Amino acid sequence: MSGEPLLRVSGVSKSFRVGRQRLHAVRNVSFVLPAGQTLGLVGESGSGKSTLGRLALALLKSDSGSVEFDGNQLSSLSDRQLRAKRKDMQLIFQNPLGALNERSTVGRNVMDPLTVHGMGDLEEKTKRVHRMLERVGLQRTHADAYPFELSGGQQQRVMIARALILEPKLVVCDEALSALDVSVQAQILDLLLQLQRERHLSYVFIAHNLTAVSYISDWIGVMYLGEIVELAPADELLESPSHPYTKALFDSVLDIPESKEARSELEALPGEIPSPIDLPSGCSFHTRCPLAVEKCRTLRPIDRMVSPSHRVACHFAGEV
Ligand code: SF4
């Protein structure tokens, strides 16, 4: 990826204990995200996107590999240093009502991060909150409302205001648009893009909605069973997907979705995703791949470069 790197994820894996077994959520994932750019992550439910987003923010500790953010190896920071770094790394997720304190006003919710980090007196913090609310398309008077009094789109704007009040460098948006109507999604996407341009923000944008991902992303990573199976500049990936899984995903989205129901089409691939507890041998996708041959069942593919910045984990990438 070109540009000054802000986030460098190298060989990161994460598994969770499930009874006596292990669920392999993220497996040997690497990518670099330049400052001011967006990496979109797509894949079916259970592909590890959300876990990867939390590993990138050091909200989860990886089993192996490393995460370097803004020149710091996050695992080498003390708890105090990591808390200070968190100012620069924020998360926006799907359910604003679950993330906001419903007993506090919108103003208090947006102000909380400033208070936690000891930034400014009450007057100063109030001014910043009002400016931020206006910047995300709300009014100062919304500061006195309670989250449940707002629409879904307004609640998500509050989440964005809360995430950006500390002026972070990186924001992970985890299905941040999924609960919104299509027209509101478009407004929030435009807002995210404007804020990115103004503040040189980097986003990791996790979504099922390929239309939204292609609209906002500079890079797209396709995840399957915890691995990034294809990673490329967004234009190149959309123009010439190479991995059979990416092609199948894209084939499942024929047009710009018009409804919430249509947005779930990324789920609609034939065959079932194998269990991340009992991973297939060889290529993870061989149980669903129309091109699988014997080699695929026994040998795990390594990444192949089909262009200088386009990598694909398939034995036949560039040939199929
Ligand atoms: Fe399909 Fe084989 Fe490529 Fe895996 S390695 S995606 S099974 S062709």
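Report for the chain the percent antiparallel among DSSP-assigned beta bridges with both residues inside it, nearest 5.
On the way: 28 of 46 bridges.
Counting only bridges with both partners in the chain, antiparallel ones make up about 60 percent.
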*Among GLY118, GLY43, GLY65, whose mean-square fluctuation peaks in a Gaussian network model of the chain (Cα, cutoff 10 Å)?*
GLY118
_As an exercise, use a Förster radius of 41 Å and the Cβ-Cβ distance of GLU236 and ASP88 to find the FRET efficiency, rounded to the nearest 0.05._
0.90
*Rg(Cα) of the stretch 34-90 divided by 2.2 N^0.38 Å?*
1.21
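Can you give the helix-only mean residue ellipticity at 222 nm for the chain, where every DSSP H stretch with n ≥ 4 adds -39500 (n - 2.57) and the sum goes over all residues, rounded to the nearest 500 deg cm²/dmol?
Values: 12 runs with 105 residues, N = 320.
Taken over the chain, the calculation gives -9000 deg cm²/dmol.
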*Taking the chain as the reference, fit the longest principal axis to its C-alpha atoms, fit the long axis of helix 122-135 to the helix C-alpha atoms, and give the angle between the two in degrees, 0 to 90, nearest 10.*
50 degrees
*FRET efficiency for SER75 and VAL116, using Cβ-Cβ distance with R0 set to 25 Å, rounded to 0.05*: 0.65
*Using only Cα atoms, locate the centre of the stretch 118-184 and the centre of the stretch 1-50, then give the distance between them in Å, rounded to an integer.*
27 Å
*Which whole-Hz ³J(HN,Hα) couplings does the stretch 180-187 yield from phi under the Karplus relation 6.51 cos²θ - 1.76 cosθ + 1.60, θ = phi - 60°, glycine and proline marked x?*
9, 5, 4, 5, 6, 4, 4, 5
*Between SER252 and MET305, what is the label-to-label distance in nm when each label sits 7 Å out along the Cα-to-Cβ direction?*
3.1 nm
*Starting at the first residue of the stretch 103-116, write each ³J(HN,Hα) from the Karplus equation 6.51 cos²θ - 1.76 cosθ + 1.60 with θ = phi - 60°, in whole Hz, x for Gly and Pro.*
8, 9, 5, 4, x, 5, 4, 6, 6, 3, x, 5, 5, 4
*Find the relative contact order for the chain and round it to a whole percent, using C-alpha pairs within less than 8 Å whose residues are 6+ positions apart.*
20 percent
*Pick from PRO270, PRO301, PRO96: which residue has the top mean-square fluctuation in a GNM of the chain where Cα pairs under 10 Å get a spring?*
PRO270
*With 10 Å bins from zero, work out the P(r) of the stretch 1-71 over every alpha carbon pair and list the percent per bin.*
20, 51, 24, 5, 1
*Would you list CYS173, CYS296 from fewest to most Cβ contacts within 10 Å?*
CYS296, CYS173
*asked:* Compute the angle between helix 152-164 and the longest alpha-carbon principal axis of the chain, please, reported from 0 to 90 degrees and rounded to the nearest 10.
replied: 90 degrees
*Added length on full extension, which subtracts the Cα-Cα distance from 0.36 nm per residue, SER151 to GLU102*: 16.3 nm
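Would you please give the FRET efficiency between SER45 and LEU291, computed as 1/(1 + (r/R0)^6) with r the Cβ-Cβ distance and R0 = 30 Å, to the nearest 0.05? The partial results should precede the final answer.
Details: r = 24 Å, r/R0 = 0.80.
For R0 = 30 Å, the calculated efficiency reads 0.80.
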*Between GLN187 and ARG22, what length in nm is gained on full extension when 0.36 nm per residue of separation is reduced by their alpha carbon distance?*
55.3 nm
*Tell me, what HN-Hα J-couplings in whole Hz come from the Karplus equation 6.51 cos²θ - 1.76 cosθ + 1.60 at θ = phi - 60° for each residue of the stretch 232-237, using x for Gly and Pro?*
6, x, 3, 4, 5, 5
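Does the stretch 92-224 come out rounded, prolate or oblate by the C-alpha gyration tensor, with a ≥ b ≥ c the root eigenvalues, rounded set by a/c under 1.5 and, if not, prolate when a/b is larger than b/c and oblate if not?
Values: a/c = 1.99, a/b = 1.54, b/c = 1.29.
Note, shape of the stretch 92-224 comes out prolate.
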*Please report the base-10 log of the normalised intensity I(q)/I(0) for the chain, using a Debye sum with one equal scatterer per alpha carbon and no solvent, at each q in 0.09, 0.13 (1/Å).*
-0.48, -0.97
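Quick check for me: using +1 on Lys/Arg Cβ and -1 on Asp/Glu Cβ, what's the dipole size of the chain about its Cα centre, in debye to the nearest 20? Intermediate values should be presented prior to the final figure.
Working: 36 positive and 38 negative charges, 248 e Å.
That gives the chain a dipole magnitude of about 1200 debye.
Read the figures in this text as sums done on the coordinates, not as results from a lab. Here the structure is a predicted model, which means the values were calculated and not measured. With ideal geometry, Cβ positions are generated from the backbone for all residues, glycine too; neighbour counts draw on all protein chains shown.
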